[in-house]
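The values are calculated or read from the model by the stated rules, or taken from the named source; none is laboratory data. Here the structure is a predicted model, which means the values were calculated and not measured. Heads up, the Cβs are rebuilt from the backbone with ideal geometry, glycines too, and the neighbour counts pull from every protein chain shown.
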Ligand SMILES: [Zn+2]
Ligand SMILES: [Zn+2]
């Protein structure tokens, strides 16, 4: 029995690990490498032979860094099963298609650019919408806590990871030549107090814990002040007849924002104002949330079962068509606009910014992490002149940061998760994946002082079980 680390080893993207039991390979995740274009592109195209011939692929959740390279694998000839939760399958159906469309758009843009510059380099998208649809056709939805034998000596059970809708921890009961072992792969872990989802489940009897470590060196601010802060920003912006722009990711963050607005309404703290969700992907994903009450926190589930929509504060309008989005951009009446992309690097939010950033009555509410060199980060840093679509523009709108909506466990969450898992079994080893080296070192130190044996594998390394 061994594990081999193909991606998200000493880094956060490209999650993919090889599990070999009884001479058969199982892939845990099949994620996209993201980041520097050329390097990520090369890694995404280099699909190893073992992966094409694997017995099964198991997906922890629908984020593209965990599922987004599956269509490439299908294109290379993988014909086996892909196990995931039913909600992950539904989410992948819209997210992989969206990823294919974006790649096509990007490739056309780069090729046009190259042509204008007189270069004859051409880039091809990794995969197309047909590959994405074929990937979904190979997915088998397995609900939480329903064990299933997926290969000789490999029994799979999903447990709630509390990170995004459908996210699961992957428990694998392994047996080889009379030896038994329980391996738990966390995928990405959520926070205990994320309003929409349940807390990460503690799985008993784990021998080897392979866990994420994204925020192994950081603490998140408290979520408790979120409603009050958001309420105050909306009320004051609408009072001065401005627009509130909320750039978000389409999965989880957008639904958390809608749910927060719904709570504000229930508390009588939301002024009557139209709320536009200007993102076809976020709209599709919100509909999928409503199909899966089983994946949501108890009070949200109850609300859905009683036919109350927790994602529909009064005044909510879906904006799908490009024409309707343009019309909305051209007006200036007070409203709340939720649009992609999360870090303001693409998507419809940029069209709104092109007109709206210069107006001092408007407000931008940043609700998530902004990576270096993104427009979101520049706004957050208070820059008063920024480039939108290559044109320098003045920023007179107020920029606010509302903390607490991270869908990832922080250092404290990770530590207490590992300790609870250790207490409920005879944990022998902790394998840290999905984290930058600094975050991993700091978590490793804390885990080691609690008597746990920790390893931090790099890409390509093999670990005997
Ligand atoms: Zn994730
Ligand atoms: Zn991830």
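Residue-wise test of (1) within 16 Å of ligand 2 (Cβ to nearest atom); (2) over 23 Å from residue 21 (Cβ atoms).
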residue: 143; (1), (2): no, yes
residue: 147; (1), (2): no, no
residue: 152; (1), (2): no, no
residue: 162; (1), (2): yes, yes
residue: 176; (1), (2): no, no
residue: 181; (1), (2): no, no
residue: 184; (1), (2): no, no
residue: 193; (1), (2): no, yes
residue: 202; (1), (2): no, yes
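Among all positions in the range 144-151, there is no residue which is at positive phi and surrounded by 16 or more Cβ atoms within 10 Å (Cβ to Cβ).
What's the total number of residues in the range 200-217 that are within 16 Å of ligand 1 (Cβ to nearest atom) and in a loop (DSSP other than H, G, I, E, B)? Total satisfying the criteria: 5. Would you be able to say whether some residue in the range 173-186 is touching a residue at least 12 places away in the same chain (Cβ under 8 Å), in the same structural domain as residue 423 (by TED's automatic domain parsing) and within 16 Å of ligand 1 (Cβ to nearest atom)? Scanning the range 173-186, I find at least one residue that is touching a residue at least 12 places away in the same chain (Cβ under 8 Å), in the same structural domain as residue 423 (by TED's automatic domain parsing) and within 16 Å of ligand 1 (Cβ to nearest atom), so the answer is yes. Among the criteria (1) out of contact with any helix residue (DSSP H, G or I) (no Cβ under 8 Å at 6 or more places or on another chain); (2) assigned by TED's automatic domain parsing to the domain that holds residue 261; (3) surrounded by fewer than 19 Cβ atoms within 10 Å (Cβ to Cβ), the one residue 416 does not fulfil is (2). Whenever a residue of the range 47-66 is under 21 Å from residue 152 (Cα atoms) and assigned by TED's automatic domain parsing to the domain that holds residue 159, its partners that are assigned to a helix (DSSP H, G or I) and away from ligand 2 (no atom under 15 Å from the Cβ), lying with C-beta atoms within less than 9 angstrom and at least six residues away or across chains, give the pairs 51/73; 52/73; 54/73; 57/51; 57/73; 59/89.
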